[in-house]
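All remarks here apply to the structure that follows.
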Amino acid sequence: MKNYKMTEMPNGAIRVELDPLSDERKELLKLYKENSLIKGYTEKSEYNLTALDYKFFDLIYKLTGDKVRFWGKDEKQRAKTIPKEHLKLEISQNVVAELLELKKDKNNTWKRDIEKSLTRLSKQSFILRDYVDKDLGHLEFYRVTLIALPKMKKIDESGKNDIIEIIVPDIIVLSAWRAWKYTPLILNEINKINSKYALRLFEYIKMIESYQIKNLGIKKLDFLDICFDELRFIFDKPKVKNISTLFQSIRFEKVVMPELNKILMCDYEYFKKDKKITLNFKAPFIPKEFKEPSLFNDDGQPNEKFLKEAKGQKC
C-alpha cells in the first residue's frame, strides 16, 4: 500500500493526500523519467532552478505517471488512453513534506520554500533534448513549461492542511504516460542529494547505466567517460570554455562529488588533453529492491512480470 492516495475531485482535479491507513512510510518511491527530460536544460533567466526544484518536479512527474500511465497488455486499449490534455493536480503540502523529506519548523520556512519552488518551476522555461513526438517528429530542441498556474489553497485556519494546486502541461503528461526511452529512479535516493548539479549528474549516470543494461547486456556500470560538451549540458553551463572553469563554477570537488557519493560511491579522473573525465564506480549502485524492468520484451510483446509489478503500484 502506498503512503499516499489519489482521489478524483468534482472539478476534475486529482487530489493527492497522505494515506492514514498506510504504515509503509519507507516504501521505495519508483519513478520512470523520460530521457529527454534528463538530458534537457534550463533557459537563462532570473529563475534558476535549485536542487529542491528538481526533486519537486520529479515528485510531480511520478504522481502524474501514477495517474495516467496505462499498465494493460492490450496495445489497442493503450492507444485509447493517450492523454491529450493537461492534468490538474491538488497535492497536500503534507505529501510534499513527507515524500521530499522536508524538515518542518515552527517558522514555516519549509512552506515558504515550497512556494518559492513552485514559482521557479512555473516561470523557468525548460529545453528538452532529443525529444521524439509522433506528430512533431524527432526534435533536437523543444521549449516547454514544467508546471503552470501554481496555487496554495487554505483548507482551515491552522494552515496545516493546505493544498497545492498546479496544472501539469499536456506535453509533460504525455511524457509521464508513455514510459518510452525512460530511466528508472528512486525518489528516496534523490532526496539525499542537496546539490542540483550532483542531482543532474546522478540522473545522467542512471540514464547511461539503464541504456547499457537494456541494450548491451551489462550487469553494472564500472566506469563512465563524459566529454566536455556533454558536461556543459549536464551542468547547464553551455558557454563555459574549459572543464577547469566549469568545475570551479559548480564547486565540483568540494560540493558535487561529496553529494553524489552520498548515494553513489565513485571518484573521477580528468584528462585535459582528451577534454573528458572518467567516473570510476567503487560498487554497484542499483538497489536490490529495484531491478530495472522493461515494458516490452525484445519480441515486442508486453513483459508479464513488469505488468504484474506495475499493477501492484497503481493507485
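The values are calculated or read from the model by the stated rules, or taken from the named source; none is laboratory data. Every value quoted in this text rests on a predicted model; they were computed, and no experiment measured them. Every residue, glycine as well, gets a Cβ built from its backbone with ideal geometry; the counts of neighbours run over all protein chains shown. We work out accessible area using only protein heavy atoms, side chains counted, and drop any ligands, DNA or RNA first. Shrake-Rupley method; radii C 1.70, N 1.55, O 1.52, S 1.80 Å.
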Wholly within the range 59-170, which strands (runs of 3 or more DSSP E) include no fewer than the required count, namely at least 1 residues that are touching a helix residue (DSSP H, G or I) at 6+ places or on another chain (Cβ under 7 Å)?
87-92, 125-128, 131-133, 142-145, 148-153, 163-168
Take the residues in the range 180-199 that are in contact with a strand residue (DSSP E or B) (Cβ under 9 Å, 6 or more places away or on another chain) and assigned to a helix (DSSP H, G or I); name whichever of them is nearest to PHE247 (Cα to Cα).
ILE190
Across the range 233-245, the tally of residues that are open to solvent by less than 60 Å² (accessible area, probe 1.4 Å) and assigned to a helix (DSSP H, G or I) stands at 3
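Taking the range 263-273 as the search range and keeping residues that are surrounded by fewer than 15 Cβ atoms within 10 Å (Cβ to Cβ) and touching a residue at least 12 places away in the same chain (Cβ under 8 Å), which one is farthest from LYS196 (Cα to Cα)? Before you say what the answer is, go through the steps one by one.
Let us first name the residues in the range 263-273 that are surrounded by fewer than 15 Cβ atoms within 10 Å (Cβ to Cβ), namely 265, 267, 269-273.
Of the ones still in play, those that are also touching a residue at least 12 places away in the same chain (Cβ under 8 Å) are 265, 267, 270, 272.
Values: MET265: 18, ASP267: 18, TYR270: 21, LYS272: 25 Å.
Out of the qualifying residues, it is LYS272.
Could you please find all residues in the range 123-159 being among the small types (Gly, Ala, Ser) and either in contact (Cβ under 8 Å) with a residue 40 or more places away in the chain or at positive phi (or both)? So that I can check it myself, show each step before the final result.
First pass over the range 123-159, keeping only residues among the small types (Gly, Ala, Ser): 125, 137, 148, 158-159.
Within the range 123-159, SER125, GLY137, ALA148, GLY159 qualify.
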Here the residues within the range 154-180 that are open to solvent by 10 Å² or more (accessible area, probe 1.4 Å) and farther than 16 Å from SER92 by Cβ are GLU157, ILE167, PRO169, ASP170, ILE171, LEU174, TRP177, ARG178, ALA179, TRP180
Filter result (open to solvent by 10 Å² or more (accessible area, probe 1.4 Å) and closer than 18 Å to LYS116 by Cβ) within the range 139-153:
THR145, ALA148, LEU149, PRO150, LYS151, MET152, LYS153
Give the range 1-58 a look and list any residue that's among the aliphatic types (A, V, I, L, M), farther than 18 Å from LEU199 by Cβ, at pLDDT 80 or above and part of a loop (DSSP other than H, G, I, E, B), or say none.
MET9, ALA13
What pairs come out if I take residues in the range 207-234 that are more than 21 Å from LEU37 (Cβ to Cβ) and pair them with residues that are assigned to a loop (DSSP other than H, G, I, E, B) and open to solvent by 50 Å² or more (accessible area, probe 1.4 Å) whose C-beta lies under 6 Å away, six or more apart or interchain?
LYS220/PRO284; PHE228/LYS275
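Give the residues of the range 63-74 that are open to solvent by 10 Å² or more (accessible area, probe 1.4 Å) and in contact (Cβ under 8 Å) with a residue 60 or more places away in the chain, sorted by residue number. First the steps, then the outcome.
Going residue by residue through the range 63-74, those that are open to solvent by 10 Å² or more (accessible area, probe 1.4 Å) are 66-74.
If the condition is that a residue be open to solvent by 10 Å² or more (accessible area, probe 1.4 Å) and in contact (Cβ under 8 Å) with a residue 60 or more places away in the chain, then ASP66, LYS67, VAL68, ARG69, PHE70, TRP71, GLY72, LYS73 are the ones that fit.
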